[in-house]
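Reviewing the structure listed below.
What follows draws every value from the coordinates through simple rules; no lab data is involved. Computed from a predicted structure; not experimentally measured. Note that each Cβ is placed from the backbone with ideal geometry, even for glycine, and that neighbours are counted across all protein chains shown.
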Amino acid sequence: MKAPISWLRELANIPAEATAESIADKFTRLGLTVEHIEHVGSPVTGPLVVGRVLSRTDEPQKNGKTVHYCRVDVGDEHNDPATDEYPASRGIVCGAHNFEPGDLVVVALPGCVLPGDFAISARKTYGHLSDGMICAEDEIGLGDDHAGIMVLDHGTPGQDAIELLWTRDEVLDIDVTPDLSHCLSIRGLAREAAAAHDVSYQDRYQLPLPQPQSEGHPVELASERCAAFAAVTVEGVDPTAPSPKFIVDRLRACGVRSISLAVDVTNYVMLESGQPLHAYDADKLQGPIRVRMAEPGERLVTLDGQTRALDADDLLITDDTGPIGMAGVMGGETTEVSGTTQRIVLEAAAFDAASVSRTARRHGLLSEASKRFERKVDPALGHAAALRAAKLITQYGGGLIGPETFVGAAPARRIIKLRAGLVSQVLGTEISDSDVVRILASAGLGVTALGDSLTLEVPTWRPDLVDPYDVVEEVGSKFGYDRIGKTLPVAPTGGGRTARQAARLDVLRAVAQLGFTQTLTLPFMGDDDLARLRLGEDDDRRLPVRLASPLSDAQPYLRTSLLPGLFRAVSTNLSRSITDLALFEEGACFVDQGVPAAPRPSVAQRPSDEEIAALDASLPLQPKRLAAVVTGQWIPAGVHGAGERADWRHVVAFAEAAAKSVGVRLRRVQVDDVQPWHPGRTAELFAGDVSLGYAGELHPLVVEAFGLPPHTCAVELTLDALLDAAPGSGRIGPLRTAPVAKEDVALIVEESVAAADVEQALRDGGGELLESVHLFDVFTGEQIGAGRKSLAFALRIRSDATLTDADAAVVRQNAVAAAAERFGAVQRA
Amino acid sequence: MSGPNDNYDPKQVSALSEEAVDGFVADALAAIEAATDTGALKQARGAHMGDKSPLALANREIGALPPAARKEVGRRIGEARGRVAQAAAARQEELAAAELEASLVAERVDMTLPVELAPEGALHPVTAMIEKMTDVFVGLGYEVAEGPELETEWHNFDALNLPEDHPARGLQDTLWVEPMTDHKLLRTQTSPVQIRALLERGVPLYVISPGKVFRSDEYDATHLPVFHQLEGLVVDKGISMADLRGTLDHLAKALFGDVETRMRPHFFPFTEPSAEVDLQCFVCHGASVGNPDRPCRTCRSEGWIEWLGCGVVNPRVLQACGVDSDVYSGFAFGLGIERTIMNRNGAPDIRDFVEGDIRFSRSLLGGAR
């Protein structure tokens, strides 16, 4: 809402010493945030005056152009003295032709600076001293017209043209919150300003509502969505009468274009009062105005020239010809006032807020009128606003205010009972009863004290004041929140983060520590993502939740996997020539396994346990996952050597670091048919028997489809499952201090046998004396035989006492025997 | 220089003469002095102090002398050996020190060479900021409440007293799940978590709920459709606006140091009274207000930076959760994590928060600073 200071001052006796800044600060502290203060007025500085052209000498030039040497009377103060040749005046050379001697023009004198830092000075040109400039509209920043110089219809030579053409003002741009609908008007803002400056306020719109009457244009209300309708006829208006300057100036300051007197006045009164009005050409109305709901198939051409297909939920203004306006949103073309309109019917009605809101949104017509209606217009305001508009039109356009029609009822004023003490209790600071009464009375509430409670009569322009807490807010905001003290309550139970919340944080910190950088990508995906991931038909990542109005049609789903988002982040980095990447993301994925619609229990009381259970059961699965992707160099080549390429080991390390940080040792099982992974380079990750996810190289076709660098590796696991697996406790046993026996074994097995399985067999066979098993070499070659490999393990064997060679050999033999039994492992000679 | 005798020859007793012994000593000292490293010194010691060195041999010959002469000769040789040993020890120390010195010089490395044992990992600034704020509230005894990002309309709007026709429920503002008749959506705020906390935990309640929220917003330099909030909710007996002010002041000081805050009225359906809190601009400290010569980009010369929304919990919200609003009252507040970071740390383009450029997360070295 834009509020010119001059307008506020017209309606409220704001003290003269108050500045725009001080008024703005008061508004902002009331919750009417002033976004900025705009200074309107002339962009011209220096002497700009009215001049009368005394003479004009046409002087053809060699280039074919004709210039005019003019003598211009610019007033006694500025004229050169009279000479034999010329009367008192100044000589000015002008190239435009659209003026005659005797015309009033605008003259920029030397010293004047026009927009664009164009400084005017006397200069010699075409054989004359040109002592100023006769201006066109665009040259002085008044409009776009450069058709010729500006010829004025009034003014006297020497008069300050800046004063004549512009009104200086300061305009506050105020962010009005949805509750304070009365502040979508100068009237409401002036009331707040008056209260804030502790000065009186006279509401020029607070007229008593009339009794129903029907002398004016007939009106029928056929929908409950219109509570009241005032129709005031104005007759004999001069259709060519211009809008007065103060109206044009204020409309411009508020961002509204001047159109015609009738339209300008309706806009002016709307801005001033908050009541949207509409002007009909009375002679174009066919029969009574009827307010009703739209019927199937009806159409309306609105003022903006668009044909609108109407919805059965649209509230309409109609006459015998059908729809002539969308109530509270926009009028229709057929009854529009025009350059010949002499009889006008002014409409000021009370339309249902929700209905106007839906219609405006449905048709994408968020007008100044609909904006006010959807926030609730004072239902008792219409008649007074229509009368004020009628007065302004007749004042500046002639004619007479004709008969009126008023249909509908005055709304009852709401009564709120306020317990004394509630205000101080909620605000946490003592506010005296007299302060409470003073604040509420200045807001226009009727206040009656009765025992220890106040009975408050709420004015019609305050639909936001409904219950006692609303009144507390009204008092608190005007008392000033900054005057409330500060106390710091401390929770009685110091729970802090739960173990699970702490564990999640441990995971994130562990993988970041390992070298991965966290991303938080947008959690949307599309069908092409599902296809590029090569997911099978029965994969539950193919059960996405679809959005009703996705931000991008290409990504209508919520993510079922973190990988596509990470892949996009990889692409972003690559496009910026950042090629060595280790990214991770943690967050919810969404899987719609088929859940019912959500119920909407009453909010009057706590929902029942059954209702709460039904609410929860309606939500799709939202598992938290953890994923990472690596590509390029893990460690770049550098002074210490060739570096290290990022490969499958780093995503496995990621999973292991995450697991270890919460006390879980991962088990890896080789898998060969899981998407989107490489069939020979993928491991399933287990915590105990629970599968957490997969790590490995991406399938080459997936890599290609997402435009990733070859051999990109990734890991994705279900964080929830990992946190579930986190043990609550652990044990520390005695540490054996006897000397360790070291034994190496080389075992030949089929190439398909997993090293981890052989290692596990050795552990199982070696028993508790086998302290550690470390794979230190994998060898394939002719000596071993095709399709086979040799795995070399270092065993460390330790007991409570020093072991003999024979004891150690037994452990080793048992370990090897287990590997032989399970995998046919043969000791390499 | 005379070498050691190859074989013991008792006839060469002339070796015990004073001149001979002095000669041995002179030879030995010369050899010790000539040794330029500890290896050469070791060799010289072997030649002149070892078992077969002239002095050792001479020592052995003492026994062949008449008893009367033994004492004199014994003293002379002992003294000679002592002198040599002392010189060798001194030289040893000298050479070892020089060699250590040399090796330290030789072992010097450029300690400013890059060390890259792993890539530089980092938490996202949003994660770090959430945890920093969480620490502030955990210190006051609060708990952390969590809830689903895909929510029911009841939790996100109905229970929070949002009117049925409120524009926020529209497709323009909210990301609804298809079909809309299922009444499910992506939460537009973390407030539904507060509803869940009230329903599940009851009162008294001191919780914060950080998390992801969603709006049907443009994606541009200043808007994200998905961002993060941290909300707080306290419900207890006698909770007032003064408690809210004190708590937010505590948070502001923890995050921004000694900064002034301003609380002004605002509107939210779920709080009554509602307010917004501004931070005094920490760049211009208000000096840019009404001073066109010193404009401030950070606060747009307004002197204050909008920070968070808050208020006293609307009693209707408490009723919807079965809390007796005559006995209990509460306050709530909510702030944007991304905006807070932009206020503290810059980050001029909000899209950088979600695009995954690793330079963004690494800017603050993975912490909240």
### Query
Based only on the alpha carbon positions, what is the Kirkwood hydrodynamic radius of the range B:125-365, in angstrom?
18.8
### Task
Would you please put B:115-121, A:728-734, A:326-332 in order of how densely packed they are, using the mean number of other Cβ atoms within 10 angstrom per residue and starting with the highest?
A:326-332, B:115-121, A:728-734
### Query
If you count, for every residue in B:142-150, the Cβ atoms of partner chains within 10 Å of its Cβ, what is the mean?
6
### Qualifying lysines (Cα of each under 21 Å from Cα of A:K371; at least 8 residues distant if same chain)
A:K2
### Task
Partner chain Cβ atoms within 10 Å, averaged over the residues of A:612-623 - can you pull that number for me?
4
### Message
Ignoring everything except DSSP H segments at least 4 long, calculate the 222 nm mean residue ellipticity for chain B; use -39,500 (n - 2.57) per segment, divide by total residues, nearest 500.
### Response
-12500 deg cm²/dmol
### Task
Excluding residues fewer than 8 places away in the same chain, name every one of the lysines whose C-alpha is closer than 23 Å to that of A:K284.
A:K391
### Query
If a helix is a whole DSSP H run, which ones in chain A reach 24 Å or further along their own axis (Cα) and hold a mean Kyte-Doolittle hydropathy of at least 0.0?
A:805-823
### Query
Running Debye on the range A:673-829 with equal point scatterers at the Cα sites and no solvent, what base-10 log of I(q)/I(0) appears at q = 0.10, 0.13, 0.19 Å⁻¹?
-0.54, -0.83, -1.14
### Task
Please work out whether chain A counts as rounded, prolate or oblate from its C-alpha gyration tensor, where a ≥ b ≥ c are the square roots of the eigenvalues and a/c under 1.5 means rounded, while otherwise a/b larger than b/c means prolate and anything else oblate?
prolate
### Query
Summing Lys, Arg as +1 and Asp, Glu as -1, what charge do residues with Cβ under 12 Å from the Cβ of A:V219 carry, A:V219 excluded?
-3
### Message
To make sure I understand the rule: partners must be lysines, Cα under 19 Å from the Cα of A:K124, and not fewer than 8 residues away in the same chain. Which ones qualify?
### Response
A:K62, A:K65
### Query
Long-range amide H contacts for A:V301: which residues qualify at under 5 Å (H placed 1.01 Å from N, peptide plane, sequence gap of 5 or more or a different chain)?
A:R308, A:E333
### Summary
If each K or R counts +1 and each D or E counts -1, the residues other than A:R788 whose Cβ falls under 14 Å of its Cβ total -1
### Summary
Which of A:K486/B:K237; A:K486/B:K132; A:K26/A:K376; A:K26/A:K417; A:K26/B:K253 exceed 19 Å between C-alpha atoms? The answer is A:K486/B:K132; A:K26/A:K376; A:K26/A:K417; A:K26/B:K253
### Shielding score for A:25-33, defined as the mean number of other chain Cβ atoms within 10 Å
4
### Unpartnered cysteines - no second Cys beta carbon under 4.7 Å - across the protein assembly as shown
A:C70, A:C94, A:C112, A:C135, A:C183, A:C226, A:C254, A:C589, A:C713, B:C310, B:C321
### Summary
Among A:T448, A:V248, A:L164, the residue whose Cα sits farthest towards the positive end of the charge dipole of chain A (+1 at Cβ of Lys and Arg, -1 at Cβ of Asp and Glu, taken about the Cα centre) is A:T448
#### Entry: Ellipsoid semi-axes in whole angstrom, largest first, where each is sqrt(5λ) of the Cα gyration tensor of the range A:571-661
47, 15, 11
### Task
Between beta-carbons, use under 13 Å as the cut-off and find the net charge around A:E77, counting Lys and Arg +1, Asp and Glu -1.
-3
### Task
State the three equivalent ellipsoid semi-axes of the range B:170-263, derived from the C-alpha gyration tensor as the square roots of 5 times its eigenvalues, in descending order and whole Å.
29, 21, 10
### Task
Can you bin the range A:440-509 into rounded, prolate or oblate? Criterion: square roots of the alpha carbon gyration tensor eigenvalues sorted a ≥ b ≥ c, rounded for a/c under 1.5, prolate for a/b above b/c, oblate for the rest.
prolate
### Query
What FRET efficiency would be calculated for the residue pair A:K65, A:K245, taking the C-beta separation as r and a Förster radius of 35 Å, to the nearest 0.05?
0.45
### Message
For a test of the definition: using alpha carbon positions, the gyration tensor, and the 1.5 limit on a/c, classify the range B:144-190 as rounded, prolate or oblate.
### Response
oblate
## Note on the structure
Sorted by chain and number, the residues with a modelled amide H under 5 Å from that of B:L308, at a separation of 5 or more or across chains, are B:V277
### Summary
Under 5 Å from the placed amide H of A:G643, counting only residues 5+ away or on other chains, we find A:G638
#### Entry: At 0.692 mPa s and 37 °C, Stokes D of the range B:15-106 from Kirkwood alpha-carbon radius, µm² per second
235
#### Entry: Cβ-placed point charges (K, R +1; D, E -1), dipole of the protein assembly as shown about Cα centre in debye, nearest 20
2640
### Task
Express the relative contact order of chain B as a whole percentage, based on alpha carbon pairs under 8 Å and six or more residues apart in sequence.
15
